[in-house]
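Inspection log for the structure reproduced underneath, given as structure tokens.
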Amino acid sequence: MFNISKLGMRKAIQLADDQKMKPLMASYLLNLVGLDEKLKCNTEVINFFIDHFYSSFNAKKNGNLLAWVNLPAPTEIFYAFDIIPFGPELMASLSSTLGFAIKDFEMAESYGISRDSCSFDSHLIGSSLLNSSPQADMLVSTTGTGCDAQGKSFEVTSYLAGIPVHHMSTPYRNNDPEAINYYKEELLRLIEFLEEFTGNKLDYEKLEAIVEVSNEASKCFRRSYELRRARPVPIGGIESIAHYAPITNFYGDMGRTEYFYKSLCSEIEQRIKDGIGVVNEDAIRILWLHFPPMHDLKLIKHIESIGGIVVFPEPALLWWDVAEGKNIIDALANKYTSIFSNGDAQKRIDKDLEIIKLLDVDAAIDFLHWGCKNFCSIATLTKDTLNEETGIPILEIDGDVVDPRNYASAQIRTRVEAFIEMLK
Ligand code: SF4
């Protein structure tokens with residue numbers, strides 16, 4: 001039987017160009033993640049992963065440039081330069097799901113990185129020391145999640161690997177012309193950096209065409225989540241997590257991403273028409289705050305077996321906005337400064353309130369990721385405000401998105417089970 005965990009990521013992904021092996025790999029991953037095989041888009045989402053990792057691991061061999069970028073980077077600009085944007089956060093997540101991540105954490109710790117720091121960052125450093133991620137030609141960090149931890153880790157990687165790093169800062173204020181102008185300058189600085197690195201001038205027409213398709217993809221992406229309002233919920237919690245993968249980096253060509261979300265909407269609409277649901281009509285509808293534990297996705301499935309369902313994972317909000325403006329740089333500046341995680345806590349709370357109303361949410365689970373100063377510091381404020389405004393109960397659980405060593409599986413299950421039982 002095909003087993004990526006035994007082969008290792010780098011070796012396994014090379015088998016993707018064998019047309020007999022690729023479906024076996026897709027089927028293995030589908031089962032490992034727990035995706036519903038009956039939904040055609042689930043195989044496509046896995047193929048997105050395989051193709052993205054295949055082209056990223058082979059970038060050098062194929063003469064392509066690759067940039068490590070952190071969420072949420074203006075990936076449209078990278079595609080306009082034919083540079084593959086690769087997210088180390090995605091690498092950490094997938095390694096964690098596949099059970100590979102611990103060796104990267106241990107490597108980072110042996111280099112002196114504290115186990116108390118955000119595990120996304122220590123994974124990034126450990127994997128660059130072990131050369132277990134696709135090799136980057138450059139590093140571009142943003143502070144669009146309101147966090148500069150990744151930028152600092154990129155600096156360490158730049159020092160270790162001897163490759164250039166470029167930092168972009170996103171202003172804390174948004175919907176403010178001065179802040180948007182500041183970010184426009186940041187985008188122009190990025191373009192200058194990429195022009196210098198590649199020796200090519202940016203083709204603005206190409207960028208406009210890319211943004212047009214990425215906007216369409218964003219709209220379909222948003223619609224695919226709005227459809228989860230249906231009763232019974234037509235699609236599972238695992239799907240709601242896996243389905244933001246294609247848009248994370250607008251992987252591959254933009255047209256494929258747009259086509260994916262259009263097909264996904266059609267499949268969900270058909271399920272709604274046929275009255276198909278993954279749980280009973282009265283299942284407790286849960287908003288999941290922060291990322292879920294990528295090494296224990298079975299927890300999300302388990303929730304469905306005890307009368308609940310995750311209808312929306314908060315990170316999907318990262319791609320909620322489209323780029324609109326009088327010219328392409330204005331449009332991108334509007335889009336990337338309006339992201340929910342950038343700016344004050346109230347902005348996050350307002351977006352969560354919108355989702356609670358939109359999807360008829362009954363409860364929320366806030367996953368307090370070890371070392372995340374950005375979200376953990378506003379956990380109580382978020383909990384109290386959401387509760388006051390909507391009356392929904394919120395369960396806080398401590399854990400780690402990608403490091404299974406900072407996670408008490410049995411204890412977490414007991415607390416989640418008691419929470420759902422109380423709500424029934
Ligand atoms: S999980 Fe938190 S601390 Fe870690 S990179 Fe993301 S926002 Fe920053």
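Derivation of every value follows stated rules applied to the coordinates shown; laboratory data play no part. Just so it is clear, the model here is predicted, and its values are computed rather than measured. Here the Cβ is made from the backbone with ideal geometry for all residues, glycine too, and neighbour counts use every protein chain on show.
Using helices alone, what [θ] at 222 nm do you get for the chain, with -39,500 (n - 2.57) per DSSP H run of 4 or more residues, divided over all residues and rounded to the nearest 500?
-16500 deg cm²/dmol
Spelling out what I want: for every residue of the stretch 391-405, take phi, set θ = phi - 60°, compute 6.51 cos²θ - 1.76 cosθ + 1.60 (Karplus), and round to whole Hz; glycine and proline get x.
Karplus values, whole Hz, x for Gly and Pro: x, 6, x, 10, 9, 9, 10, 8, x, 9, 5, 10, 9, x, 6.
Once you keep just the Cα pairs under 8 angstrom separated by 6 or more residues, what percentage relative contact order results for the stretch 101-208?
18 percent
With just the Cα atoms defining each centre, how far is the stretch 288-338 from the stretch 206-232? Give it in Å.
Between the Cα centre of the stretch 288-338 and that of the stretch 206-232, the gap is 12 Å.
Taking only the alpha-carbon positions of the chain and ignoring solvent, what does the Debye formula give for the base-10 log of I(q)/I(0) at q = 0.13 Å⁻¹?
-1.22
If you build a Gaussian network model of the chain, linking Cα atoms that sit under 10 Å apart, which residue out of H369, H243, H167 swings the most?
Of the options given, H167 has the highest mean-square fluctuation.
Would you mind calculating the gained length between E212 and S114 on full extension (0.36 nm times residue separation, minus the Cα-Cα distance), in nm to one decimal?
Here the segment from E212 to S114 would lengthen by 31.0 nm.
Each label point is 7 Å from the Cα along the Cα-to-Cβ direction; what then is the distance between the points at K6 and D274, in nm?
Going from the K6 label point to the D274 one covers 3.5 nm.
What lysines sit close enough to K103 to cross-link, taking a C-alpha to C-alpha distance under 23 Å and skipping anything fewer than 8 places away on the same chain?
K6, K11, K152, K298
Which shape class, rounded, prolate or oblate, goes with the stretch 37-78 when its Cα gyration tensor gives a ≥ b ≥ c as root eigenvalues, a/c under 1.5 marks rounded, and past that a/b bigger than b/c marks prolate?
Verdict is oblate for the stretch 37-78.
Which value in nm describes the separation of the simple spin-label points at L381 and E192, placed 7 Å from the Cα toward the beta carbon?
Rounded to a tenth, the inter-label distance reads 3.4 nm.
Translational D (Stokes-Einstein, µm²/s) of the stretch 1-141 at 4 °C and 1.567 mPa s when Rh comes from the Kirkwood sum over C-alpha pairs?
81 µm²/s
Determine, from the Cβ-Cβ distance of R415 and E37 and an R0 of 25 Å, the FRET efficiency 1/(1 + (r/R0)^6), rounded to the nearest 0.05.
0.20
Need one number: nm distance between label points at D176 and M21, each 7 Å from Cα along Cα→Cβ, rounded to one decimal.
Spacing of the two 7 Å Cα→Cβ label points: 5.3 nm.
Using the Karplus curve 6.51 cos²θ - 1.76 cosθ + 1.60 with θ = phi - 60°, work out ³J(HN,Hα) for each residue of the stretch 335-346 in order, rounded to whole Hz, and write x for Gly and Pro.
5, 7, 8, 8, 4, 4, 8, 9, x, 6, 4, 4
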